[in-house]
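Notes follow once the structure below has been shown.
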Amino acid sequence: MHISYKPLWHTLVERNMRKEDLRLAAGLTTNMIANMGKGKNISMETLVRICEALNCGILDVIELEQDDISADTAEC
């Protein structure tokens, strides 16, 4: 399983916000935004700052996605 930020991108669209707006509202760095865009993990502290800035819950920011099992078995 891995973390997906799809709910965050949908939340931003619903609120007519850009990633830059989020960055400024939550006090994030451009690297943090870039890492989320690449699907990399961020700290819980950063997740809390995003939730506070957007006044939303964690499920509005991240979700768990199942890894593709067929790709994993093909490598073995």
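Data table
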item	result
Any hit, segment 5-26, residues being in a strand (DSSP E or B), under 17 Å from residue 58 (Cβ atoms), over 10 Å from the mean Cα position of the chain (by Cα) and of a type outside the set (D, E, K, R)	no
In segment 44-76, the residues that are farther than 16 Å from residue 1 by Cβ, at pLDDT 95 or above and in a loop (DSSP other than H, G, I, E, B)	55, 56, 57, 61
Filter pass, residue 14 being open to solvent by 100 Å² or more (accessible area, probe 1.4 Å) and at pLDDT 95 or above	yes
Segment 18-49, subset among the hydrophobic types (A, V, I, L, M, F, W, C) and in contact (Cβ under 8 Å) with a residue 12 or more places away in the chain, residue surrounded by the most Cβ atoms within 10 Å (Cβ to Cβ)	36
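The values are calculated or read from the model by the stated rules, or taken from the named source; none is laboratory data. This one's a predicted model, so the numbers in the text were calculated from it and none came from an experiment. Note that each Cβ is placed from the backbone with ideal geometry, even for glycine, and that neighbours are counted across all protein chains shown. Side chains are part of the model used for accessible areas, which takes the heavy atoms of the whole protein and leaves out ligands, DNA and RNA. Shrake-Rupley method; radii C 1.70, N 1.55, O 1.52, S 1.80 Å.
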